[in-house]
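Input: a single structure, listed below in structure tokens.
Quick note: the coordinates plus some simple rules give every number you see, no bench work behind them. Not measured: the values here are computed from a predicted model. Reconstructed Cβ throughout: ideal geometry from the backbone, glycine too, with neighbour counts over all protein chains shown.
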Amino acid sequence: MNKLKKPNLDTEFIDSIKWLKRGSISIFPHWLNEAEADDCKILSYSIAQSSGKLAEYLDGEQRLMHFYISLSDHVWCYIDESWRFFLTNSSDFKTILKNSLRENNIKFFDLYFSNYVIRLQGGFDRTDTFFIANIEMFERFIQEVEKNDLYILGLQYIDEPDHYFKES
């Protein structure tokens, strides 16, 4: 059993971070155009299931899950309007990942990895969004993406970082 002491973290700090870059992580090497998305048999769990491509879908899901688990031994996850601490090898965390990746009830994850100073939010169509504040850690982050045979799409600097996570 993996024992890890919960790190001290003022979770309000997460919402005050000035994010410098954002982008997306995907199993696809480029943004799919409308025709590609319409033809894609592994765009979602339900599509893969109904088209007989579940094994191919699960390969991509496994790569994404391994990526998120490999980033750290622990993670903060925003659930039920508060930040909660999880060990990344826990069944609870894996369930959160799987539900988000499969778009179950549109319960997308919102994760914060303190070692990278990075926030990741689950999204549709096997593409998740990241926000990074520690540029020095970005190269290591890219290496983890590549090691898991994933892709970074739409990388850009953030000019106005304050508005991404505030209530409207």
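Expressed in nm², what is the orientationally averaged projection area of the convex hull enclosing the Cα positions of the chain?
The number I arrive at for the chain is 10.7 nm².
For Ser91 and His66, compute 0.36 nm times the residue count separating them, minus their Cα-Cα distance, and round to one decimal in nm.
7.7 nm
Can you tell me, using C-alpha contacts under 8 Å and at least 6 residues apart, the relative contact order of the chain as a whole percent?
35
Within a 10 angstrom radius of the beta carbon, how do Thr95, Thr88 rank from fewest other beta carbons to most? Walk me through the intermediate numbers first.
Working: Thr95 11, Thr88 21.
In increasing order of surrounding Cβ atoms, one gets Thr95, Thr88.
Compute the length gained on full extension between Trp31 and Ile158: take 0.36 nm times their separation in residues and subtract their Cα-Cα distance, giving the result in nm to one decimal.
On the way: separation 127, 0.36 × 127 = 45.72 nm, distance 1.98 nm.
Roughly 43.7 nm would be gained on extension.
Amide H neighbours of Leu155 under 5 Å, counting only residues 5+ apart in sequence or on other chains, H built in-plane at 1.01 Å?
Ser24
Round to the nearest 10 and give me the degree value, 0 to 90, for the angle of helix 54-70's Cα axis relative to the longest principal axis of the chain.
Value to nearest ten degrees: 10.
Which listed residue (Trp76, Leu120, Tyr151) has the Cα farthest towards the positive end of the charge dipole for the chain, taking +1 on Lys and Arg C-beta and -1 on Asp and Glu C-beta about the Cα centre?
Trp76
Of the lysine pairs in the chain, how many meet both conditions: Cα atoms under 15 Å apart, and a spacing of 8 or more in sequence or different chains?
4
Given +1 on the Cβ of Lys and Arg, -1 on the Cβ of Asp and Glu, and no further charges, what dipole in debye does the chain carry about its Cα centre, rounded to the nearest 20?
Around 660 debye, computed over the chain.
For each of Cys77, Cys40, count neighbouring Cβ atoms within 10 Å of the residue's Cβ, then give the residues from fewest to most.
Cys40, Cys77
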